[in-house]
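The block underneath contains the structure these notes are about, expressed in C-alpha cells.
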Amino acid sequence: MGGGMTIVERTQVFLLPDLGEGLSEAEIVEWRVAVGDVVTVDQSVVEVETAKAVVDVPCPYAGRVVTLHGAAGEVRPVGQPLITIAPLDGGDEPAGHATYREEERAGSGNVLIGYGTGHGSATRRRRRPRLAVAPEPADLGPTSAAAGGAAAASGDPAPPAAALVISPIVRRLAREHGVDLDTVRGTGPGGVIRRADVEAAMTAPAARLAAVPDPQVGSAPVADGDVIVPLTGVRKVIADKLSRSRREIPEVTIWVDVDATGLLETRAAINAATPDAPVSILALLARICLSGLRRFPQLNARVDTEAQRIVQSAGVHLGIAAQTDRGLLVPVLRDAQRLTTAELAAELAATTAAARAGSLPPARLTGGTFTLNNYGVFGVDGSTPIINHPEAALLGVGRIVDKPWVVDGQLAVRKVTQLSLTFDHRVCDGGVAGGFLRHVADCVERPALLIAAV
C-alpha cells in the first residue's frame, strides 16, 4: 500500500489545455502512446478533435505513462485529466503500482468526467469517486439485496446489473435520443458505456422504434428509417454560434447586382503578366473589401454588450468562409490589410486548403473582424448570410453568370454577379453600409477605381 501511495503522490497529471477561444472540450481521436510507454517533454501523446480543428497535443512532462484518461471517441472537458505520467527512477515498479494502474484503466477515478486529480496537498490520500449507475427502481426496499441473493440461491434469474456510465455527456445523449442504457452493451474497460456505444444504439432499428419523447427535453419520437445525426462537434458549434448571432445582432441585408466583366478582364491581365503567381477572383474581392473597410471602418468592428461600447479594430482580420468535410469553417487572415494582392492570393489558397485538410490550428479559426463569403461556388445568385458573431458585417458574393446588361444605352451580354452585405445595425446606419457596398460594387465594375483608392 505504501508503494502505491508513493507513486500516486509522485505522478504528474497533464490536464487537457485550452485549445483555443471558446473551446470547452475536445474528443479523443487517437492516442499516440500506451500505458507503460516512456515519453519525453513535449512529445505528442494524443490527437484530439475540437469543434474547430484536429490537434496533436504535446505533453509537458517526461516519464512513464501511468494512465490514459479516456479512450478514442470520448469527450474530455478542458481542465480535466488527460494523461498521468510517473517519473523514471531506474527501479522496478513499486508494489501496488500495477493495481493502481488497472483501477485507473477500469475507470474508477480520473476517467470520470467532472472529476480528476486534485491540486491540494500531496500528502492527502485521493478519494476514488464511485461509478455513476442507473437509479434503482423507487419501490425497492431494504430487503432487495436479500431477495437478490435468494433468487440466485434458488436458481431464478438475478436482476440485471445497472448500466455502467461514467460520463454525464453519455447520459444526456442517451436521454435526449430515447436510448435505454440498460440495453446498451458497454465496450469500455469493465463494461463502461461510452458515447460511441450510445450512438451505435441510436442507429439500431430497435432503438429507433423504442425511442420515446422526453417531455423535459422536448424531443420528438423517431420513426423507423429516420437518420439520427447527433448535434456535436463542429455542427454543434456552428448551430450555437449562428443562433447566438440571430439572437443578439439586429442584422440588415442590402444587395446590388454588378457587372463583373471588368474584374474578370483585370484578373486575366494580371495572370498573363505574372503566370507564376496567379491571382484569384476571391483575392481581388478581398482587396476590394479591404479598400472599402479603410473608407468605412465602422464595419470592421464588434459590439461589446457587457461594456456597452463599439470596438473598431485597428487591423482587418479577414475571415474567409470555407466549406469543408467537417462543416463550414471561417479561417482568418490576420492583418490582411498589410498583404499585397499577390500575397493575399497565395495566403487565401494556402489557408482554404489547410482548412479543408483539417490542419489549421484553432487560433487560425477565431478572432476575425470581417468575413467574405463566396457562396457563388454553390451555383446560387444571392443570399442573406448570417453574421459571424461577434463581427459586425459580412459580404456575400453570388455566382458570376452571363446576363443582359445595358452598356452606354445599348443592351449587351455581360458577366453579372450579386453582392450582398449583412451588417449589424448597432454599429452603423444605412448610409455607411450603403456607402461601403457601393464602393465595392464600383470597384468590381471599374477596377481602376481600386488603384486610385490605394
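The values are calculated or read from the model by the stated rules, or taken from the named source; none is laboratory data. This one's a predicted model, so the numbers in the text were calculated from it and none came from an experiment. Here the Cβ positions follow ideal geometry from the backbone for every residue, glycine too, while neighbour counts run over all protein chains shown. Note: accessible area is taken over every heavy atom of the protein model, side chains too, but ligands, DNA and RNA are not part of it. Shrake-Rupley method; radii C 1.70, N 1.55, O 1.52, S 1.80 Å.
Laid out as a table, the results:
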read-out: Residues of segment 41-53 satisfying the condition of being in a loop (DSSP other than H, G, I, E, B) and in contact with a Phe, Trp or Tyr (Cβ under 9 Å, 6 or more places away or on another chain); value: Val41
read-out: Leading residue by the ranking (farthest from Leu299 (Cα to Cα)) among those in segment 230-240 that are open to solvent by less than 70 Å² (accessible area, probe 1.4 Å) and in a helix (DSSP H, G or I); value: Gly233
read-out: Filtered residue count, segment 297-322, keeping only those that are surrounded by fewer than 16 Cβ atoms within 10 Å (Cβ to Cβ), in a strand (DSSP E or B) and not hydrophobic (A, V, I, L, M, F, W, C); value: 3
read-out: Among (1) open to solvent by 30 Å² or more (accessible area, probe 1.4 Å); (2) among the β-branched types (Val, Ile, Thr); (3) closer than 25 Å to Thr366 by Cα; (4) touching a Pro at 6+ places or on another chain (Cβ under 8 Å), the one test that Val41 misses; value: (3)
read-out: Members of segment 257-271 found to be in contact with a Ser or Thr (Cβ under 8 Å, 6 or more places away or on another chain) and within 14 Å of Leu449 (Cα to Cα), listed by number; value: Ala260
read-out: For Cys428: the one exception among (1) over 17 Å from Asp257 (Cβ atoms); (2) open to solvent by less than 40 Å² (accessible area, probe 1.4 Å); (3) free of Cβ contacts under 8 Å to residues at least 12 places away in the same chain; (4) of a type outside the set (Asp, Glu); value: (3)
read-out: Test: residue in segment 387-403 that is without any contact (Cβ under 8 Å) to a residue 12 or more places away in the chain and farther than 16 Å from Val303 by Cα; value: no
read-out: Test: residue in segment 31-49 that is of a type in the set (Lys, Arg) and under 29 Å from Ala321 (Cα atoms); value: no
read-out: Scope segment 343-362; condition among the aliphatic types (A, V, I, L, M) and surrounded by fewer than 19 Cβ atoms within 10 Å (Cβ to Cβ); matching residues; value: Ala346, Ala349, Ala350, Ala353, Ala354, Ala357
read-out: Selection count where residues are over 16 Å from Val41 (Cβ atoms) and surrounded by fewer than 23 Cβ atoms within 10 Å (Cβ to Cβ), scope segment 77-87; value: 4
